[in-house]
Amino acid sequence: MDDKTNIEKTYNHWIKTSDKDFITMMNLFHSKDYHWALFIGHIVIERLLKACVVKETLDHPPFTHDLSKLASLTGMPFTEEHLDWFDTISAFNLNARYDSYKEAFYKKCTHDFTKEWIEKITVLQSWIKAKL
């Protein structure tokens, strides 16, 4: 990036949009749009990880939705459990987006399944933000 102002602006953009998406995720969950809630949950974590990448590298994050890849670029000490969660949450991006995956994903996204993963997304969000 060109200068400190651009770095700060980009860093803050990722955090601000993640916070907005968190609210959207919760609204979708409460309206019982479970598969979309999890899709947006993926974006919540993706954007926070991208903020971490900006902070660590002083550059734009790569164009990827792979949470494990982004996590590896942050320099943060994620637990094995967190890394496992990233793999599952990354799948929410594909499963909600592509027709070939949607039907099976819809059936999987019960209230209890979605609630469990939103709780994990919330744990990750809080943990990452505490490290920022």
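What follows is calculated from the coordinates using simple rules that are stated; it is not laboratory data. Because the structure is predicted, anything quoted here is derived from the model rather than measured. Here the Cβ positions follow ideal geometry from the backbone for every residue, glycine too, while neighbour counts run over all protein chains shown.
Take the residues in the stretch 1-54 that are among the hydroxyl-bearing types (Ser, Thr, Tyr) and within 12 Å of the chain's Cα centre (by Cα); name whichever of them is farthest from TYR106 (Cα to Cα). Selected residue: THR17.
When the residues of the stretch 108-132 are filtered to those that are surrounded by 11 or more Cβ atoms within 10 Å (Cβ to Cβ) and aliphatic (A, V, I, L, M), which remaining residue is farthest from ALA37 (Cα to Cα)? The qualifying residue farthest from ALA37 (Cα to Cα) is LEU132. Is it the case that THR57 is over 23 Å from LYS107 (Cα atoms), out of contact with any Phe, Trp or Tyr (no Cβ under 8 Å at 6 or more places or on another chain) and in contact (Cβ under 8 Å) with a residue 12 or more places away in the chain? Answer is yes for this residue. Just wondering, is there one or more residues in the stretch 5-14 that are within 23 Å of LYS120 (Cα to Cα) and surrounded by 20 or more Cβ atoms within 10 Å (Cβ to Cβ)? Yes, the stretch 5-14 contains a residue that is within 23 Å of LYS120 (Cα to Cα) and surrounded by 20 or more Cβ atoms within 10 Å (Cβ to Cβ).
Only one residue in SER31, SER90 is closer than 22 Å to LEU132 by Cα and not basic (Lys, Arg). Which one? Write out each step before concluding.
Working: SER31 fails: closer than 22 Å to LEU132 by Cα.
Of the residues listed, the single one that is closer than 22 Å to LEU132 by Cα and not basic (Lys, Arg) is SER90.
Remark: pairs (first residue in the stretch 17-34, among the small types (Gly, Ala, Ser); second residue surrounded by 15 or more Cβ atoms within 10 Å (Cβ to Cβ) and part of a helix (DSSP H, G or I); Cβ separation under 6 Å; 6+ apart in sequence or on different chains) = SER18/VAL44; SER18/ARG47; SER18/LEU48. ALA71 falls short of the stated requirement of being of a type in the set (Gly, Ala, Ser), within 27 Å of LYS9 (Cα to Cα) and touching a residue at least 60 places away in the same chain (Cβ under 8 Å). Checked against (1) of a type outside the set (S, T, N, Q); (2) more than 16 Å from TRP127 (Cα to Cα); (3) touching a residue at least 24 places away in the same chain (Cβ under 8 Å); (4) in contact with a helix residue (DSSP H, G or I) (Cβ under 6 Å, 6 or more places away or on another chain), ILE40 passes all but a single condition, namely (3). Can you find a residue that is buried (at least 19 other Cβ atoms within 10 Å of the Cβ), touching a Leu at 6+ places or on another chain (Cβ under 8 Å), farther than 16 Å from LYS69 by Cα and not small (Gly, Ala, Ser) anywhere in the stretch 38-46? There is at least one residue in the stretch 38-46 that is buried (at least 19 other Cβ atoms within 10 Å of the Cβ), touching a Leu at 6+ places or on another chain (Cβ under 8 Å), farther than 16 Å from LYS69 by Cα and not small (Gly, Ala, Ser).
hydroxyl-bearing (Ser, Thr, Tyr) and either surrounded by fewer than 19 Cβ atoms within 10 Å (Cβ to Cβ) or without any contact (Cβ under 8 Å) to a residue 24 or more places away in the chain (or both): is that true of SER90 in this structure? Talk me through it step by step, then tell me what you get.
On the way: hydroxyl-bearing (Ser, Thr, Tyr): yes; either surrounded by fewer than 19 Cβ atoms within 10 Å (Cβ to Cβ) or without any contact (Cβ under 8 Å) to a residue 24 or more places away in the chain (or both): no.
It is false that SER90 is hydroxyl-bearing (Ser, Thr, Tyr) and either surrounded by fewer than 19 Cβ atoms within 10 Å (Cβ to Cβ) or without any contact (Cβ under 8 Å) to a residue 24 or more places away in the chain (or both).
With of a type outside the set (A, V, I, L, M) and within 23 Å of ASN6 (Cα to Cα) as the only criterion, which of GLU81, GLU103, GLU116, GLU56 stands out?
Numbers: GLU81 fails: within 23 Å of ASN6 (Cα to Cα); GLU103 fails: within 23 Å of ASN6 (Cα to Cα); GLU116 fails: within 23 Å of ASN6 (Cα to Cα).
It is GLU56.
Among the residues making up the stretch 107-132, those that are closer than 15 Å to ILE43 by Cα and hydrophobic (A, V, I, L, M, F, W, C) are TRP117, ILE118, ILE121, VAL123, LEU124, ILE128.
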